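Asker: Pasting a structure here, questions to come.
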Amino acid sequence: MDRVLECTPGKTIRALKNVTFNEPFFTGHFPHRPVMPGVMIIEALAQAAGILAFRTAGVFPDEHSRFFFVGIDKARFRKPVEPGDQLILKAELVRAFKGIWKFATVAEVDGEEVASAEMMVTPEARVAPAAADAPT
């Protein structure tokens, strides 16, 4: 993801990914017609949802804070994404229940949906350091 365009904590995020020909995955996917792999589109959507999760929780990410990707449902790929495309990534927080946050996500190019999925994440459980690890 290159830039967050707008973010309303607890609600939605809209971000941008410029798809450039020099991305390393294009050399093998596919040499004669470069297409952004679906898994990379899902990763970009997960990153957008992750930023929304951190902003909603009021957490500044550091080495001690993480949200884990725990599930995906209804993933759909409608059109190929090619070098030169601008991918608009959208995520909406649908609900947070029992530590699982669910997002509805959509990726668009030129206003047309190219992929969508429902994603679930959970914050990392904070574990107190062992007594041996505590500073003296």
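Where a number appears in this text, it was derived from the coordinates with a stated rule and is not lab data. Just so it is clear, the model here is predicted, and its values are computed rather than measured. Using ideal geometry, Cβ is built from the backbone for each residue, glycine included, and neighbour counts are taken over all protein chains shown.
Asker: Can you pull the Kirkwood radius for segment 24-104, inverse mean 1/r over Cα pairs, to one decimal in Å?
Answerer: Over segment 24-104, the inverse of the mean reciprocal pair distance is 14.6 Å.
Asker: Go ahead and estimate [θ] at 222 nm for the chain from helices alone: -39,500 (n - 2.57) per DSSP H run with n ≥ 4, summed, over the residue count, rounded to 500.
Answerer: Only helices count here, giving -5000 deg cm²/dmol.
Asker: Would you kindly work out the equivalent ellipsoid of the chain from its C-alpha gyration tensor and give its semi-axes, the square roots of five times the eigenvalues, largest first in whole Å?
Answerer: Semi-axes from the Cα gyration tensor: 31, 18, 13 Å.
Asker: Using the number of other C-beta atoms within 10 angstrom as an exposure proxy, rank 85, 2 with the fewest first.
Answerer: So the ranking, lowest neighbour count to highest, is 2, 85.
Asker: Now for a separate question. Short version: ³J(HN,Hα) in whole Hz for each residue of segment 42-52, in order, from phi by Karplus 6.51 cos²θ - 1.76 cosθ + 1.60 (θ = phi - 60°), x for Gly and Pro, what are they?
Answerer: 4, 4, 5, 5, 5, 5, 4, 4, x, 4, 4
Asker: Trypsin sites (Lys or Arg not before Pro), restricted to segment 84-115: which are DSSP loop and have at most 14 other Cβ atoms within 10 Å?
Answerer: Those that pass, being in a loop and sparsely packed, are 98.
Asker: Another question, then. Using modelled backbone amide H atoms (1.01 Å from N, in-plane), which distant-in-sequence or interchain residues come within less than 5 Å of residue 66's amide H?
Answerer: 124
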